[in-house]
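The values are calculated or read from the model by the stated rules, or taken from the named source; none is laboratory data. On a predicted model such as this, the values are computed, not experimentally measured, just so you know. Note that each Cβ is placed from the backbone with ideal geometry, even for glycine, and that neighbours are counted across all protein chains shown. Side chains included, ligands, DNA and RNA excluded: accessible areas come from the protein's heavy atoms. Shrake-Rupley method; radii C 1.70, N 1.55, O 1.52, S 1.80 Å.
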Amino acid sequence: MSMNFVVLLYLLASVCFIQALKGLSHPNTSRLGNAFGMAGMTIAILTTVALILKLSGEAQSGLLNVFGGMVVGGGLGAVMAKRVEMTKMPELVAFMHSMIGMSAVFIAVAAVAEPTALGIELVDGLIPVGNRFELFVGTFVGAITFSGSVIAFGKLSGNYKLRIFQGAPIVFKGQHLVNLVLALLMLGCGVWFFMTQQWLPFVIMMAIAFVLGVLIIIPIGGADMPVVVSMLNSYSGWAAAGIGFSLNNSMLIIAGSLVGSSGAILSYIMCKAMNRSFFSVILGGFGAEEGSQTGSSEARPVKSGSADDVAFLLGNSDSVVIVPGYGLAVARAQHAVKEMTEKLIAKGVEVRYAIHPVAGRMPGHMNVLLAEAEVAYDQVFEMEDINSDFGQTDVVFVLGANDVVNPAARTPGSAIYGMPILEAYKASNVIVNKRSMASGYAGLDNELFYMDKTMMVFGDAKKVVEDILKALD
Amino acid sequence: MEVINPTIINLIIFVLAIYVGYHVVWNVTPALHTPLMSVTNAISAIVIVGAMLAAALTETMLGQIMGVAAVALASVNVVGGFLVTRRMLEMFKKKPKKVAEGASK
């Protein structure tokens, strides 16, 4: 097999990857897209096997190493993909980011150790200057991705004793200065490696990058995890592209940049939905300014009702919009909600779901959770598609959501001013299910709860919805 | 004529690929953003190509250990990423039987 043919096959694989992303523009085409992705990966791996066979000549033992690694890793991946609960998707994704990051670091180390084996041609016995620079970039991005993702994983799962794995942000004085100094040191070592191709600066640089990854993520609170997960998604792509540069492999560059830009776009969308600036996210430590606005917490009267009242109200309306939040998923109430929806539809009520971009703990998380409960995706609407309809809606049923329906976002001076919200307050009636009157992530009181047309139903979401189900019969 | 530095060619590919990625990803429906993340996880595991070369063609102990470890880590994502994406996308399939049931009630 000639090298030209190998590269052409790699091109074919790259096109498959683009098709895989393109397929996701609609649920109907998405499965075909995923098949394209798998095909692309298969082509890439088989081509590489053929390339190894050609390059290694008689000594074929190298392939055994490859297959050994694949069986172990692939087996682990398959088991995880099968077992993972949909509520745990953010953890799985964070875990996978760390795999990519670490893998990129390992490859870079191997490339520095034996450049010729990876197809880097030496100039005067040294790695060419350009490749040295690219190896440096690939390594530090990979290392930051790895350690950052490990911290993000810990924060997301939230059940580790270790302080750095807990949801609450860790802030200390001079944090940004420390990060800056470390980053400069790392760059310095990079330049040193760049000039001399020695192991010492390479190893120091790698160590600093691992520490930096930790430092960037620890000051970020649990509520901001959707942004962090998307940001690390982007980093993992850039790490792959960096490795592609150092190995002169265009397929790695293409795939890496697709992933990198995808993650960047998702972070941008998440930032907008949470009303944060993109740059403060990139620089890290952006969750720090929160938590000071717990101010007016005097008990104000709310109208509360029972499940029977809710059932009566829902059963006698023409149109209902359900606003699910992560509280719904925590209570595992999706299936009960789905049954309630079916009963209401059978009674001739129009039922729709309204999803805020940050419902759930990662982009699109709530959609997957609803899909898992077999809610048809054409009942589920994105914020911008349904916001104009709230005015004509009889009842809005808010389940386990708070900040995303807080009208304070329309009041200048409020901490969440400017954040896009679901305009639930425009509906004729609002029902809110919460466990208690505690405030949401942003620590703000929600005006919506005190409106005359709002009825609060306190209790566990699953229990409440099941009671409504009984009452609807 | 002077030979163009391969890094420059890589840079051209890089810029164009970001451009393609930008436009393709904006077209992804928000409902599928979680599958998008898991599939991009699988796609970025394309570093497995470099890992395979490292595992198979290096001769020193260090190179081989690094290579095999990299192959194993990337394989987790290749297999896990695509399978979990498929699992999620299956959930978004329309359920014709269920719909018919609902209509007949």
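Ignore the peptide's own chain and count Cβ atoms of other chains within 10 Å of each Cβ in A:12-24; give me the average, rounded.
Whole-number average of other-chain Cβ neighbours for A:12-24 is 5.
How far is helix A:129-157 tilted, in degrees, relative to the longest principal axis of the Cα atoms in chain A, given as a value from 0 to 90 rounded to the nearest 10?
30
What is the magnitude of the charge dipole of the protein assembly as shown about its Cα centre, with +1 placed on the Cβ of each Lys and Arg, -1 on the Cβ of each Asp and Glu, and no other charges, expressed in debye to the nearest 20?
It comes to approximately 760 debye.
Placing +1 at every Lys and Arg Cβ and -1 at every Asp and Glu Cβ, with all other atoms neutral, what dipole size does the stretch A:1-149 have around its Cα centre, in debye to the nearest 20?
On the way: 7 positive and 7 negative charges, 122 e Å.
The dipole magnitude comes to about 580 debye.
Sum -39500 (n - 2.57) across every DSSP H segment of at least 4 residues in chain A, then divide by the residue count to get the 222 nm mean residue ellipticity, nearest 500.
About -19500 deg cm²/dmol.
Given Cα pairs under 8 Å that are at least 6 residues apart, what percent is the relative contact order of the stretch A:181-263?
This gives 22 percent for the stretch A:181-263.
Distances longer than 19 Å among the Cα atoms of the stretch A:35-149: what percent of all pairs is that?
62
If we count every other residue with Cβ under 10 angstrom of A:SER388's Cβ, Lys/Arg +1 and Asp/Glu -1, where does the sum land?
Working: positive: A:LYS426; negative: A:GLU384, A:ASP385, A:ASP389, A:GLU423.
After counting each charged neighbour, the total is -3.
Report the FRET efficiency, 1/(1 + (r/R0)^6), for A:GLU339 and B:ILE4, where r is their Cβ-Cβ distance and R0 is 60 Å, rounded to 0.05. Could the numbers behind the result be given before it?
Working: r = 64 Å, r/R0 = 1.07.
Computed FRET efficiency for A:GLU339 and B:ILE4 comes out at 0.40.
What's the angle, to the nearest 10 degrees (0 to 90), between helix A:27-56's Cα axis and the longest principal axis of chain A?
20
Which chymotrypsin sites (Phe, Trp or Tyr not before Pro) from the stretch A:103-139 combine a DSSP loop assignment with at most 11 other Cβ atoms within 10 Å?
When the chymotrypsin sites (Phe, Trp or Tyr not before Pro) of the stretch A:103-139 are filtered for loop state and at most 11 Cβ neighbours within 10 Å, nothing remains.
Based on DSSP loop calls and a cut-off of at most 16 other Cβ atoms within 10 Å, the longest stretch of chain A free of exposed trypsin sites (Lys or Arg not before Pro) is what?
A:1-160
Could you point to the residue in A:ILE468, B:THR85, B:ALA54 farthest towards the positive end of the protein assembly as shown's charge dipole, with +1 and -1 charges on the Cβ of Lys/Arg and Asp/Glu respectively?
A:ILE468
Applying 1/(1 + (r/R0)^6) with R0 = 56 Å to the Cβ-Cβ distance of A:LYS426 and A:HIS176, what FRET efficiency is obtained, to the nearest 0.05? Intermediate values should be presented prior to the final figure.
Values: r = 41 Å, r/R0 = 0.74.
Taking R0 as 56 Å, the efficiency between A:LYS426 and A:HIS176 is 0.85.
Order of A:311-320, B:44-53, A:380-389 by packing, highest average Cβ count within 10 Å first?
Descending packing order for the listed peptides: B:44-53, A:311-320, A:380-389.
Round to the nearest 10 and report in Å² the accessible area of A:CYS271, as given by a 1.4 Å probe over the protein chains' heavy atoms.
Result for A:CYS271: roughly 0 Å² accessible.
Using amide H atoms built in the peptide plane, which far-off residues or other-chain residues are under 5 Å from A:MET456 H to H?
For A:MET456, whose amide H was placed from the backbone, the distant partners under 5 Å are A:LYS303, A:SER304, A:GLY305, A:VAL432.
Normalise the Debye intensity by I(0) for the protein assembly as shown, one equal point scatterer per Cα, no solvent, then take log10 at q = 0.06, 0.08, 0.09, 0.10 Å⁻¹ and round to two decimals.
The computed values of log10 I(q)/I(0) come out as -0.33, -0.57, -0.70, -0.83.
Quick one: 3J(HN,Hα) in Hz for the stretch A:312-317, Karplus 6.51/-1.76/1.60 with θ = phi - 60°, rounded, Gly and Pro as x.
Using θ = phi - 60°, the values come out as 4, 4, 5, x, 9, 9 Hz.
Principal axis extents for the stretch A:301-363, Cα atoms only, whole Å, descending order, please.
Rounded to whole Å, the extents work out to 35, 33, 18 Å.
Express in nm, to one decimal, how much length is gained between A:ARG435 and A:SER277 on full extension, taking 0.36 nm for each residue of separation and deducting their alpha carbon distance.
Taking A:ARG435 through A:SER277 to full extension adds about 53.7 nm, to one decimal.
Helix A:334-346: angle to the longest alpha-carbon principal axis of chain A, degrees 0 to 90, nearest 10?
Tilt relative to chain A: about 50 degrees.
Pick out, from A:VAL129, A:THR196, A:LEU182, the residue whose Cα sits farthest towards the positive end of the charge dipole of the stretch A:111-211, with +1 on the Cβ of Lys and Arg and -1 on the Cβ of Asp and Glu.
Towards the positive end, the residue furthest out is A:LEU182.
For a quick check: with amide H placed at 1.01 Å from N, whose amide H comes under 5 Å from A:VAL351's, ignoring anything fewer than 5 positions away on the same chain?
Counting only residues 5 or more places away or on other chains, the set is A:VAL320.
Here is the link list: A:LYS82/A:LYS338; A:LYS434/A:LYS470; A:LYS453/B:LYS93. Which ones come out longer than 29 Å on Cα distance?
Details: A:LYS82/A:LYS338 24 Å; A:LYS434/A:LYS470 19 Å; A:LYS453/B:LYS93 37 Å.
Listed pairs above 29 Å: A:LYS453/B:LYS93.
If Lys and Arg each add +1 and Asp and Glu each add -1, what is the summed charge of the other residues whose beta carbon sits under 13 Å from the beta carbon of A:MET89?
+1
Whole number in Å², please: accessible area per residue of chain A, 1.4 Å probe, ligands, DNA and RNA not counted.
40
Heavy atoms only, probe 1.4 Å: what % of the accessible area of the protein assembly as shown goes to carbon and sulfur, would you let me know?
65
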